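Engineer: Below are the C-alpha coordinates for one structure; questions will follow.
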Amino acid sequence: MKNVRMKALNITVPLKAHQYFSDDGYVDNLEAHTCDLIKMYEVKKSEVEKFDITNKDNLGFCFFESMANDRKLPNENYVHIYYLKTSGYGDIFIRAHEETHALLHLGKLKYLFFDMIKNMTTPPLSLILKNRIEDMANYSGIYAMQKRKLI
Ligand SMILES: [Zn+2]
(Lines give C-alpha, C1' and ligand atoms only; values in the text may rest on other atoms or scores of the structure.)
Protein backbone atom coordinates (compact mmCIF):
# COMPACT_ATOMS: atom_id res chain seq x y z
CA MET A 1 0.00 0.00 0.00
CA LYS A 2 1.32 3.44 -0.92
CA ASN A 3 -0.22 6.83 -0.35
CA VAL A 4 -0.66 9.52 -2.94
CA ARG A 5 -1.58 13.10 -2.35
CA MET A 6 -4.28 14.90 -4.29
CA LYS A 7 -2.85 18.37 -3.83
CA ALA A 8 -5.77 20.56 -4.92
CA LEU A 9 -8.36 18.54 -2.99
CA ASN A 10 -5.85 18.27 -0.15
CA ILE A 11 -6.53 14.60 0.57
CA THR A 12 -4.33 11.51 0.83
CA VAL A 13 -5.43 8.30 -0.84
CA PRO A 14 -3.99 4.80 -0.44
CA LEU A 15 -3.23 2.98 -3.68
CA LYS A 16 -2.73 -0.72 -4.29
CA ALA A 17 0.54 -2.05 -5.68
CA HIS A 18 -0.82 -2.23 -9.25
CA GLN A 19 -2.11 1.37 -9.25
CA TYR A 20 -0.07 4.41 -10.33
CA PHE A 21 -1.00 8.06 -10.15
CA SER A 22 1.00 10.95 -11.52
CA ASP A 23 0.21 14.63 -11.28
CA ASP A 24 2.20 15.80 -14.31
CA GLY A 25 1.52 19.44 -13.45
CA TYR A 26 1.21 22.31 -15.89
CA VAL A 27 1.65 21.63 -19.57
CA ASP A 28 1.71 24.04 -22.53
CA ASN A 29 -0.46 21.85 -24.71
CA LEU A 30 -2.94 19.23 -23.44
CA GLU A 31 -3.27 17.45 -26.78
CA ALA A 32 0.52 17.13 -27.20
CA HIS A 33 0.94 15.74 -23.67
CA THR A 34 -1.90 13.26 -24.22
CA CYS A 35 -0.25 12.13 -27.48
CA ASP A 36 3.06 11.65 -25.62
CA LEU A 37 1.31 9.43 -23.04
CA ILE A 38 -0.53 7.50 -25.76
CA LYS A 39 2.88 6.72 -27.32
CA MET A 40 4.55 5.99 -23.98
CA TYR A 41 1.87 3.47 -22.96
CA GLU A 42 1.46 2.18 -26.51
CA VAL A 43 -2.30 2.68 -26.35
CA LYS A 44 -4.01 0.69 -29.11
CA LYS A 45 -5.44 2.78 -31.97
CA SER A 46 -8.90 1.37 -31.26
CA GLU A 47 -8.71 2.70 -27.70
CA VAL A 48 -7.41 6.20 -28.43
CA GLU A 49 -10.99 7.34 -29.08
CA LYS A 50 -11.74 7.18 -25.35
CA PHE A 51 -9.66 10.36 -25.04
CA ASP A 52 -11.42 13.50 -26.17
CA ILE A 53 -8.11 15.08 -27.16
CA THR A 54 -9.31 17.54 -29.76
CA ASN A 55 -11.79 19.26 -27.45
CA LYS A 56 -10.42 22.80 -27.27
CA ASP A 57 -12.62 23.64 -24.26
CA ASN A 58 -10.56 21.41 -21.98
CA LEU A 59 -8.43 23.21 -19.40
CA GLY A 60 -7.14 20.02 -17.85
CA PHE A 61 -7.04 16.35 -18.68
CA CYS A 62 -7.11 12.96 -17.00
CA PHE A 63 -5.34 10.16 -18.87
CA PHE A 64 -6.02 6.58 -17.82
CA GLU A 65 -4.73 3.30 -19.13
CA SER A 66 -5.00 -0.21 -17.90
CA MET A 67 -2.57 -2.94 -18.90
CA ALA A 68 -2.58 -6.65 -18.43
CA ASN A 69 0.68 -8.19 -17.24
CA ASP A 70 2.15 -11.65 -17.69
CA ARG A 71 1.57 -12.78 -14.16
CA LYS A 72 -1.91 -13.51 -12.83
CA LEU A 73 -2.12 -10.15 -11.11
CA PRO A 74 -4.73 -7.45 -11.50
CA ASN A 75 -4.26 -5.14 -14.49
CA GLU A 76 -1.80 -2.34 -13.96
CA ASN A 77 -3.71 0.94 -13.66
CA TYR A 78 -2.04 4.18 -14.74
CA VAL A 79 -3.65 7.56 -14.22
CA HIS A 80 -2.11 10.94 -15.10
CA ILE A 81 -3.54 14.41 -14.68
CA TYR A 82 -2.21 17.63 -16.22
CA TYR A 83 -3.60 21.05 -16.88
CA LEU A 84 -3.03 24.40 -18.46
CA LYS A 85 -1.73 27.23 -16.33
CA THR A 86 -4.81 29.23 -15.38
CA SER A 87 -4.62 32.45 -13.49
CA GLY A 88 -6.34 33.02 -10.18
CA TYR A 89 -8.95 30.84 -8.54
CA GLY A 90 -9.58 28.75 -11.64
CA ASP A 91 -6.36 26.90 -10.98
CA ILE A 92 -7.59 25.05 -7.88
CA PHE A 93 -10.95 24.41 -9.51
CA ILE A 94 -9.44 22.78 -12.60
CA ARG A 95 -6.89 20.73 -10.69
CA ALA A 96 -9.50 19.47 -8.20
CA HIS A 97 -11.79 18.66 -11.15
CA GLU A 98 -9.08 16.49 -12.75
CA GLU A 99 -8.17 14.91 -9.40
CA THR A 100 -11.81 13.83 -9.10
CA HIS A 101 -11.60 12.09 -12.47
CA ALA A 102 -8.39 10.41 -11.27
CA LEU A 103 -10.09 9.22 -8.07
CA LEU A 104 -12.90 7.74 -10.12
CA HIS A 105 -10.51 5.87 -12.43
CA LEU A 106 -8.60 4.56 -9.41
CA GLY A 107 -11.84 3.51 -7.69
CA LYS A 108 -11.08 5.87 -4.80
CA LEU A 109 -13.91 8.40 -4.95
CA LYS A 110 -14.99 7.33 -1.46
CA TYR A 111 -11.94 9.08 0.03
CA LEU A 112 -13.24 12.36 -1.37
CA PHE A 113 -16.65 11.62 0.13
CA PHE A 114 -15.05 10.82 3.52
CA ASP A 115 -13.26 14.17 3.40
CA MET A 116 -16.45 16.00 2.45
CA ILE A 117 -18.37 14.36 5.27
CA LYS A 118 -15.56 15.22 7.71
CA ASN A 119 -15.98 18.82 6.60
CA MET A 120 -19.75 18.62 7.08
CA THR A 121 -20.69 18.69 3.44
CA THR A 122 -21.83 16.11 0.91
CA PRO A 123 -22.37 16.30 -2.82
CA PRO A 124 -25.99 16.20 -3.98
CA LEU A 125 -26.99 12.53 -4.06
CA SER A 126 -28.20 12.82 -7.65
CA LEU A 127 -24.60 13.41 -8.77
CA ILE A 128 -23.49 10.15 -7.19
CA LEU A 129 -26.50 8.00 -7.96
CA LYS A 130 -26.82 9.06 -11.58
CA ASN A 131 -23.08 8.85 -12.11
CA ARG A 132 -22.88 12.42 -13.38
CA ILE A 133 -19.11 12.52 -13.24
CA GLU A 134 -18.58 15.88 -14.97
CA ASP A 135 -20.98 17.55 -12.54
CA MET A 136 -19.36 15.69 -9.66
CA ALA A 137 -15.90 16.87 -10.79
CA ASN A 138 -17.18 20.46 -10.98
CA TYR A 139 -18.71 20.13 -7.53
CA SER A 140 -15.32 18.94 -6.23
CA GLY A 141 -13.65 21.94 -7.85
CA ILE A 142 -15.94 24.24 -5.89
CA TYR A 143 -15.41 22.14 -2.75
CA ALA A 144 -11.62 22.51 -3.05
CA MET A 145 -12.03 26.28 -3.35
CA GLN A 146 -14.32 26.41 -0.30
CA LYS A 147 -11.84 24.30 1.67
CA ARG A 148 -9.19 26.93 1.00
CA LYS A 149 -11.67 29.69 1.79
CA LEU A 150 -11.25 31.11 -1.70
CA ILE A 151 -15.02 31.45 -2.05
ZN1 LIG B 1 -14.09 16.65 -16.51
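The values are calculated or read from the model by the stated rules, or taken from the named source; none is laboratory data. If you're wondering where the values come from, they're calculated on a predicted model, not measured in any experiment. A quick note on method: Cβ atoms are made from the backbone with ideal geometry, for glycine too, and the neighbour counts reach across all protein chains shown.
Engineer: State whether one or more residues within region 46-59 are at pLDDT 95 or above and among the aliphatic types (A, V, I, L, M). Steps first, answer last, please.
Structural biologist: Residues of region 46-59 at pLDDT 95 or above: none.
No - not one qualifying residue is present in region 46-59.
Engineer: Quick one: N119 ticks every box in (1) on the phi > 0 side of the Ramachandran plot; (2) over 16 Å from the mean Cα position of the chain (by Cα) bar one, so which box is it?
Structural biologist: Unmet for N119, out of (1) on the phi > 0 side of the Ramachandran plot; (2) over 16 Å from the mean Cα position of the chain (by Cα): (1).
Engineer: Restricting attention to region 46-61, which residues are without any contact (Cβ under 8 Å) to a residue 24 or more places away in the chain, surrounded by 10 or more Cβ atoms within 10 Å (Cβ to Cβ) and part of a loop (DSSP other than H, G, I, E, B)? It would help to see each step written out before you state the result.
Structural biologist: Residues of region 46-61 without any contact (Cβ under 8 Å) to a residue 24 or more places away in the chain: 46-57.
So of that shortlist, the ones also surrounded by 10 or more Cβ atoms within 10 Å (Cβ to Cβ) come out as 47-48, 50-53, 55.
Matches in region 46-61: K50, F51, D52, I53, N55.
Engineer: L112 is checked against (1) more than 16 Å from the ligand (Cβ to nearest atom); (2) touching a residue at least 24 places away in the same chain (Cβ under 8 Å) and fails just one. What number does that condition carry?
Structural biologist: Among (1) more than 16 Å from the ligand (Cβ to nearest atom); (2) touching a residue at least 24 places away in the same chain (Cβ under 8 Å), the lone unmet condition for L112 is (1).
Engineer: Checking T122 against (1) assigned to a loop (DSSP other than H, G, I, E, B); (2) under 20 Å from I38 (Cβ atoms), which single condition isn't satisfied?
Structural biologist: All conditions are met except number (2).
Engineer: Looking at (1) over 22 Å from E134 (Cβ atoms); (2) within 13 Å of the chain's Cα centre (by Cα), which one does E42 not meet, given that it meets all the others?
Structural biologist: The failed condition is (2).
Engineer: With surrounded by fewer than 13 Cβ atoms within 10 Å (Cβ to Cβ) and part of a helix (DSSP H, G or I) as the only criterion, which of I128, I117, I151, I142 stands out? Show your work before the answer.
Structural biologist: Numbers: I128 fails: surrounded by fewer than 13 Cβ atoms within 10 Å (Cβ to Cβ); I151 fails: part of a helix (DSSP H, G or I); I142 fails: surrounded by fewer than 13 Cβ atoms within 10 Å (Cβ to Cβ).
Every option except I117 fails the conditions.
Engineer: Return yes when I81 is surrounded by 20 or more Cβ atoms within 10 Å (Cβ to Cβ) and outside any loop (DSSP other than H, G, I, E, B) and no when it is not.
Structural biologist: Numbers: surrounded by 20 or more Cβ atoms within 10 Å (Cβ to Cβ): yes; outside any loop (DSSP other than H, G, I, E, B): yes.
Judged against the criteria, I81 is a match.
Engineer: Also: For region 24-40, enumerate the residues that are in contact with a helix residue (DSSP H, G or I) (Cβ under 8 Å, 6 or more places away or on another chain) and under 24 Å from P74 (Cβ atoms). Break it down into steps so the answer makes sense when it comes.
Structural biologist: Initially, region 24-40 is screened for residues in contact with a helix residue (DSSP H, G or I) (Cβ under 8 Å, 6 or more places away or on another chain), giving 24, 27, 38.
Hits for region 24-40 are D24, I38.
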